[in-house]
Every structure is written in C-alpha cells, then in structure tokens.
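Everything on this sheet refers to the single structure shown next.
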Amino acid sequence: MSLLLARPDFTISMVICTEIGQTVGYGEVKPASQALNHKLVGKDLVRLALLAKNAIDTYRSKFVLSFLVIGHHATLYLTDGTRNGFYPMVEIAHIQLPMSLKELPLFIAQTDQLTIVSSAFWSLCIDQKMDQQSSLMPTLSDNEIATIMDIRTNRKRKANTSRHNH
C-alpha cells in the first residue's frame with residue numbers, strides 16, 4: 001500500500017464546530033519489540049515527513065508537528081513549510097514516557113521538553129497560514145522513495161532513528 005494512502009496511527013486536526021478542519025500533526029507508533037527493525041522505523045519516519053509536507057501544501061500551513069513513538073520513547077519533530085519548496089523536519093524533543101507510576105517522576109523531570117513542544121505547537125502549528133504564495137514542490141512517488149531507501153533490513157551501522165537503549 002502507498003505510504004500516503006495508509007492512515008497514520010494518529011492525526012491531530014482542528015475541529016471547527018462539528019467539522020474536522022486543518023490537520024496540524026501526525027504520529028506513528030511502534031512497539032518496543034520493533035525498535036531494532038530500522039527499516040520499519042525509517043519507513044514510518046519518511047511517512048511522517050511526507051504526510052507533514054502534504055499537510056503544509058494542502059492547508060498552506062507554516063509548520064506541522066509529527067511524533068514517532070517507539071516503545072516508551074517519543075521523538076517529536078516540527079516540519080517547516082516556510083522555506084519555498086524545501087521542507088526541513090527538525091527534531092524538537094525526545095521524551096521517555098512512563099510505563100508505571102514509579103516512572104512518573106522521570107516524566108515530570110522532562111517538563112522543560114514538554115514545554116518546548118507545547119509552545120512550538122500552539123505558537124507555530126495552530127492557525128498559521130502562509131502569507132504569500134510559495135512554490136510547492138511535488139511529493140515523491142512510492143517508487144521514488146523505494147529507490148532511495150535501502151532494501152536490506154539487517155545493517156551493521158546504527159540507524160539515526162535508534163537513540164534509545166535496546
């Protein structure tokens with residue numbers, strides 16, 4: 001199935017009265033057991049980038065929030081649509097989610113990271129329309145993406161998406 005046709009695990013959309021409006025974020029989730037499957041994790045990250053790019057183009061947004069949760073680790077990204085056809089996707093936070101009440105103090109200790117994410121989301125992603133007509137770039141097809149991505153699953157080098165302990 002196409003990377004863009006399959007529904008994401010999470011969609012963050014604005015609701016206006018009873019209508020679902022502009023999409024301002026996307027999320028993908030993988031269980032901890034798939035953390036070492038760099039191919040699937042990388043595919044989800046590419047998918048988040050494509051979904052964010054298309055939301056920016058469709059809704060004329062300046063920024064879109066994305067998150068990738070693997071086990072109890074969440075990485076949050078902000079995709080910038082203000083660069084005239086270039087869509088940088090920047091990691092803004094990496095948060096360890098609590099798996100029990102005993103781990104709640106660790107989560108609370110990360111409030112600085114949560115504040116950064118909340119501030120970025122509310123100030124950059126909500127109701128921020130592009131002022132001028134920027135040049136839209138076409139989205140890569142699934143075949144073009146498959147050509148770019150490595151077809152091998154087992155690789156010796158560390159994946160960029162793998163930063164937590166396995």
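Please treat every number below as a calculation from the coordinates, not as lab data. Everything numeric in this text was worked out from a predicted model, so none of it was measured. FYI the Cβ positions are ideal-geometry reconstructions off the backbone, even for glycines, and counts take in every protein chain you see.
Any idea what log10 I(q)/I(0) is at q = 0.17 Å⁻¹ for segment 10-148, Debye with uniform C-alpha scatterers and no solvent? Here the Debye-derived log intensity ratios amount to -1.00. With a cut-off of 19 Å on the backbone N, the residues of segment 102-123 near the modelled label site 7 Å out from Ala32 along Cα-Cβ are 102-110.
When you count the other C-beta atoms within 10 angstrom of each residue and take the mean per peptide, 10-16, 99-105 line up highest first as 10-16, 99-105. Can you list, bin by bin at 10 Å, the percent of alpha carbon pairs in segment 3-44, starting at 0? Whole-percent P(r) values from 0 Å outward: 24, 41, 23, 11, 1.
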